[in-house]
Every structure is written in C-alpha cells, then in structure tokens.
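The values are calculated or read from the model by the stated rules, or taken from the named source; none is laboratory data. Since this is a predicted model, take the numbers as computed values, not measurements. With ideal geometry, Cβ positions are generated from the backbone for all residues, glycine too; neighbour counts draw on all protein chains shown.
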C-alpha cells in the first residue's frame, strides 16, 4: 500500500488514524476496534464492510 495514501486515510467512523496490518491486508482503527479490508490494493472504507476486532487483535 502506498505510504502517501496511508497518511491521508482516516477511519470513516471516528476520523482517527489507521494502522496497516500487511499480513491480513487490513487497515486497523484502534479507537473503534475495526478492520477495513484491502481488496486488490484498494482500501474498502465502508463501515458495513469492516470487521470488529477482538481485544487481543488490536495492535
């Protein structure tokens, strides 16, 4: 994922910064405990498409 894109993307729910999880190909919002998928190198920033993270998954 392009670093410049990662710097400008924010969580659509709370507007906090996101962290890349390259192994799972997801963008993580620690504040909301949501993981937004990256499909075909495109971040899917739709709240309904995000999965809820378990407490031990938050980086």
- Query: Pairs under 6 Å by beta carbon, first residue more than 14 Å from residue 24 (Cα to Cα) in the stretch 35-59, partner at pLDDT 95 or above and part of a strand (DSSP E or B), six or more apart or different chains?
  - Reply: 45/36
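For the stretch 44-59, what are the residues that are closer than 18 Å to residue 4 by Cα and modelled with pLDDT under 95? Show your work before the answer.
Here is the first cut: in the stretch 44-59, the ones closer than 18 Å to residue 4 by Cα are 44-45.
If the condition is that a residue be closer than 18 Å to residue 4 by Cα and modelled with pLDDT under 95, then no residue fits.
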- Residue that is farthest from residue 47 (Cα to Cα), among those in the stretch 1-23 that are under 11 Å from the mean Cα position of the chain (by Cα) and loosely packed, with under 13 Cβ neighbours inside 10 Å: 22
